[in-house]
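Notes for the one structure printed next.
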Amino acid sequence: MRDALLRDLSELHQYQLISMHDARLNPSVYTKNNLVVGAGNFKKVFKKALKQVDYVWLIAPETDGALLALTELCLEDEEKEDGPILLGCGYDSTLAGTSKTLSYEAMQAANIVTLPVYSGDDLIQQAFFDEVLQLDVKKWVAKPEDGAGCVGLKIFEDLLELRDWLKQDDQYLHYFAQQFQPGISASLSMLCREGKAWLLSCNQQHIHIEGSQITLTGITVNGLLNYWQRFETLARKIANMLPDALGYIGVDVLIDAENDKIYVIDINPRLTSSYAGMREATGHNPAKMILDCILDSHFKIPVIQKNVVEITL
């Protein structure tokens, strides 16, 4: 994602680019100004970088509240007279994307079809556990409350096994559970501004399940073009639900073709892995489209192509 974005930005020939990188990794070939981040030194380097730039583009996971904390820092700086502009979603959208429970509540209020969430804290309470046990659910998935992608996901064959696992090391404080929903794993990539949405692609996710572990192995960008109209409707509902959503958003969904339902699973208020194939898929520089969406109050999306692109992770 980082290199794809920096490549696209460098081709615009409008900006001097500064990027940060872990001291254990190689810097990007697309920037001359690279700030090295050593162990335990991230916040200091990040604050230094904020003083040197006009715009900030975050690439960070929701895990452990990382994206939310960085968004908050950027928004605090943006309020200053010479503070840089954050090229991304506002605090409320980022919070909804970070907290799966808040996201579920927001989607329910917006009449968006999703799967119920059961907090780990509730599930270890006997009365609540007995109530959930009455549901006709054959398999469960435990997820971190502020997770990203498939990281930390774990499958359980029954609720008792799940409860026992939640009690270990106080994991119930950080996890929630959802029923395991069979179907086609998919995502949509979209642009948002002031409650409006523009769909960029309809993607099929390639998921590998081995034992209790779930792994994302690849993405076919525009692999589900037959769902374009329905994904476009979903994109509009999500944008309307999140008024301060701005720029690029990725949304994970599950398609239950047998029952003709689409469940929204996760809302990611940031770049996602699908971005790496977006230029070839749309026929446009995606960084330019995102910048135009954020910076131009009269934004109109260009006519995009719908090419199919394979991404291996």
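The values are calculated or read from the model by the stated rules, or taken from the named source; none is laboratory data. The structure presented is a predicted model; accordingly, all values stated were derived computationally and were not measured. We place every Cβ from the backbone using ideal geometry, glycine too, and count neighbours over all the protein chains shown. Surface accessibility is based on the protein's heavy atoms, side chains included, excluding ligands, DNA and RNA. Shrake-Rupley method; radii C 1.70, N 1.55, O 1.52, S 1.80 Å.
Figures for the structure shown
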| item | result |
| --- | --- |
| Contacts under 6 angstrom Cβ, first residue in segment 45-62 being touching a residue at least 40 places away in the same chain (Cβ under 8 Å), partner surrounded by 17 or more Cβ atoms within 10 Å (Cβ to Cβ) and not in a helix (DSSP H, G or I), 6 or more apart | 55/84; 55/87; 57/87; 58/88; 59/271; 61/148; 62/146; 62/148 |
| Residue in segment 216-237 that is among the acidic types (Asp, Glu) and under 19 Å from residue 114 (Cα atoms) present | yes |
| Which numbered condition residue 213 fails, given (1) modelled with pLDDT under 95; (2) within 24 Å of residue 155 (Cα to Cα); (3) under 17 Å from the mean Cα position of the chain (by Cα) | (3) |
| Some residue of segment 63-70 being open to solvent by 70 Å² or more (accessible area, probe 1.4 Å), modelled with pLDDT under 90 and not in a loop (DSSP other than H, G, I, E, B) | yes |
| Residue within segment 174-196 that is hydrophobic (A, V, I, L, M, F, W, C), in contact with a Pro (Cβ under 7 Å, 6 or more places away or on another chain) and within 24 Å of residue 101 (Cβ to Cβ) present | no |
| Residue tally, condition exposed (fewer than 14 other Cβ atoms within 10 Å of the Cβ) and not in a loop (DSSP other than H, G, I, E, B), over segment 31-44 | 4 |
| Yes/no for residue 89 being in contact (Cβ under 8 Å) with a residue 24 or more places away in the chain, part of a loop (DSSP other than H, G, I, E, B), open to solvent by less than 30 Å² (accessible area, probe 1.4 Å) and within 27 Å of residue 191 (Cβ to Cβ) | yes |
| Residue, nearest to residue 57 (Cα to Cα), within segment 7-30, restricted to residues that are among the polar types (S, T, N, Q) and either more than 25 Å from the chain's Cα centre (by Cα) or open to solvent by 60 Å² or more (accessible area, probe 1.4 Å) (or both) | 16 |
| Condition check for residue 52: polar (S, T, N, Q) and part of a loop (DSSP other than H, G, I, E, B) | yes |
